[in-house]
Amino acid sequence: MSTATIPTQTAKTEPCPLYINGEWKHIASDQTTPVHNPSTGEVIAQVPLCGNDVIDQAVAAAEAAFPAWSETPPAERARVLFRFRHLVEAEFDDICLGISREHGKTYAEAKGDLQRGLEQTEYACGIPNLLMTDSLENVARGIDCDSIRQPLGVCAGIAPFNFPAMVPMWMWPLAIACGNTFIMKPSEKVPLTTNRLIKLLEKAGLPKGVLNIVHGGRDCVDALLKHPKIKAISFVGSTPVARYIYETGAKYGKRVQSAGGAKNFVLIMPDAEVEHSAQGIKDAAFGCAGERCMAGSTAIAIGNAGKTVLPALVDVVKSMKVGRTDRPPQQQPHMGAVISSQHKARVVDLVTQGEKQGAKLLVDGRNVKVDDAPEGFYIGPTIVDNLQDGNILTKEEVFGPVLNVLHSNDLESAIQIANRSSYGNGAAIFTSSGKAAREFRHRVQAGMVGINVGVPATLAYFPFSGWGDSFFGDLHIQGKEGVAFYTKQKVITSRWFNFGEGDIWAK
Ligand code: NAD
């Protein structure tokens with residue numbers, strides 16, 4: 001069954017093979033779903049939708065590769081990643097153009113996507129150090145204790161559409177550096193970037209079976225979740241699916257880290273520096289067309305900030321140019337299209353419902369047109385003010401270029417509003433008061449906090465530490481928690497009774 005919704009196919013489609021046991025495989029199947037270029041609406045590839053049989057093959061390959069790979073010294077495993085990084089650098093710009101084409105984000109945003117992904121690889125290159133552990137002599141007389149970290153076995157990763165390079169690379173580089181073998185399922189909306197990157201990993205000398213790619217949607221994910229040989233699942237996506245992955249993975253005995261959706265608050269104090277704050281909030285709300293789990297989607301203007309920063313923000317947002325991102329770097333707009341026509345319709349509908357429920361549109365991007373791409377999935381930047389409690393826009397994760405604005409009299413009530421959210425990915429404050437910033441970072445219920453930084457997404461060496469409905473599990477993605485997730489600890493307590501023959505103390 002094809003899930004294609006837009007039948008037009010004016011561009012030449014690219015192949016989208018699977019990668020199993022070191023071979024690129026094209027499966028003959030009428031079970032496909034289309035990949036679009038969001039800038040034009042054209043179909044650029046058809047993704048095969050894999051099920052149990054393909055997952056069995058991928059798991060068998062990963063299982064067979066595990067003994068040799070897990071015994072490969074960490075420094076040798078790291079060397080493959082060093083070579084991979086070098087190969088990506090050589091093709092960096094071209095890979096970024098590919099990201100823009102299949103996702104719709106601008107070239108500059110695609111560079112950020114790939115750069116952040118590469119930083120995961122750089123972190124994983126330090127694996128000999130990262131795997132070093134604790135030891136203590138004489139825990140009792142003549143008895144020593146030390147711990148070691150060993151890989152889990154076959155692990156799997158399931159990614160969302162919004163960062164085609166970075167999010168899959170939150171998963172596989174560290175997992176394989178730790179000595180695991182891996183099955184990656186990229187989003188079926190943006191599968192081409194992962195295929196391209198893994199071709200370079202293959203060229204870097206990764207042994208066959210260590211990293212496998214499968215494609216598909218729900219059936220493919222279910223087959224991974226329920227497979228008895230898979231030890232751990234890393235997931236990133238929307239909250240309802242993240243919760244399902246966590247519950248089902250746990251039911252099938254797996255270790256799970258499952259990152260979900262978000263609704264991040266940005267507080268604007270009356271003493272916030274106007275120009276920088278307006279720019280920072282614009283970038284937070286409309287970067288990647290708002291399709292970021294760390295997007296600043298709700299601003300709370302405190303006191304006079306509604307009269308200073310808010311008008312400056314509206315001005316800067318009105319000057320944004322929306323357009324095609326499948327163009328050379330010098331011809332890029334400020335913002336590209338959203339991922340699909342369905343997503344565009346959903347975002348427009350949420351704004352319309354919000355308006356009917358009393359919200360006031362300060363900037364309305366619902367009817368934006370891009371002349372040379374009438375079929376592209378465009379929505380212009382939208383700012384919605386005067387939102388009352390209960391308005392649909394305050395409840396749903398919109399995941400598009402829509403900024404909600406609320407007002408409050410003081411910092412205390414603004415923190416209370418932010419803390420009522422069931423999500424807890426990120427939160428930011430714009431202020432020139434150290435005291436206000438300190439109060440905010442101490443009390444806000446979110447795992448990643450920005451102070452005069454609109455998108456406080458953490459770098460590879462810190463955990464991506466969402467709270468609440470933004471994360472299910474114990475050990476977060478990235479950093480030392482990532483290493484702990486992909487390894488199990490063994491603690492060895494040892495005592496020796498006799499010296500052997502030939503030891504100088506043997507008598
Ligand atoms: P999604 O949940 O629709 O899909 C994510 C993955 O799950 C895809 O690979 C998809 O094939 C699979 N999937 C979808 N429905 C499924 C189902 N019913 N059963 C099993 N698998 C299913 O998410 P998306 O639309 O691709 O991505 C956007 C979402 O991801 C947003 O909610 C965003 O906030 C979130 N996100 C979160 C983080 C984070 O770190 N917390 C980072 C990036 C994106």
Looking at (1) of a type outside the set (D, E); (2) within 16 Å of the ligand (Cβ to nearest atom); (3) closer than 25 Å to G216 by Cβ; (4) part of a helix (DSSP H, G or I), find the lone condition where F161 falls short.
-> (4)
Does K321 meet the test of being under 26 Å from I44 (Cα atoms), open to solvent by 50 Å² or more (accessible area, probe 1.4 Å) and within 15 Å of the ligand (Cβ to nearest atom)?
-> no
Might you let me know whether region 406-418 holds any residue that is under 20 Å from P168 (Cα atoms), at pLDDT 95 or above and either touching a Phe, Trp or Tyr at 6+ places or on another chain (Cβ under 8 Å) or surrounded by 15 or more Cβ atoms within 10 Å (Cβ to Cβ) (or both)?
-> no
Subset of region 149-182, residues touching a Ser or Thr at 6+ places or on another chain (Cβ under 6 Å) and under 24 Å from A337 (Cα atoms), comes to A159, P160, F161, P164, A165, P168
Is it true that S421 is in a helix (DSSP H, G or I), open to solvent by 10 Å² or more (accessible area, probe 1.4 Å), polar (S, T, N, Q) and farther than 30 Å from R324 by Cα?
-> no
Answer residue from region 222-233, given it is touching a Ser or Thr at 6+ places or on another chain (Cβ under 8 Å) and under 18 Å from A175 (Cβ atoms) and is nearest to the ligand (Cβ to nearest atom) among those | L225
So which residues in region 173-227 are open to solvent by 20 Å² or more (accessible area, probe 1.4 Å), in contact with a helix residue (DSSP H, G or I) (Cβ under 7 Å, 6 or more places away or on another chain) and farther than 21 Å from F84 by Cα, if there are any at all?
-> H227
Count, please, the residues in region 273-286 that happen to be small (G, A, S) and open to solvent by 10 Å² or more (accessible area, probe 1.4 Å).
-> 1
With respect to V338, is the statement that it is open to solvent by less than 30 Å² (accessible area, probe 1.4 Å), of a type in the set (A, V, I, L, M), within 16 Å of the ligand (Cβ to nearest atom) and in a strand (DSSP E or B) true?
-> no
Of the residues in region 291-317 that are β-branched (V, I, T) and farther than 19 Å from K263 by Cβ, the one that is nearest to the ligand (Cβ to nearest atom) is V317
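The values are calculated or read from the model by the stated rules, or taken from the named source; none is laboratory data. What you are looking at is a predicted structure, and each value in this text was computed from that prediction instead of being measured. A quick note on method: Cβ atoms are made from the backbone with ideal geometry, for glycine too, and the neighbour counts reach across all protein chains shown. When the accessible area is computed, the model is the full protein with side chains, heavy atoms only, and any ligands, DNA or RNA have been set aside. Shrake-Rupley method; radii C 1.70, N 1.55, O 1.52, S 1.80 Å.
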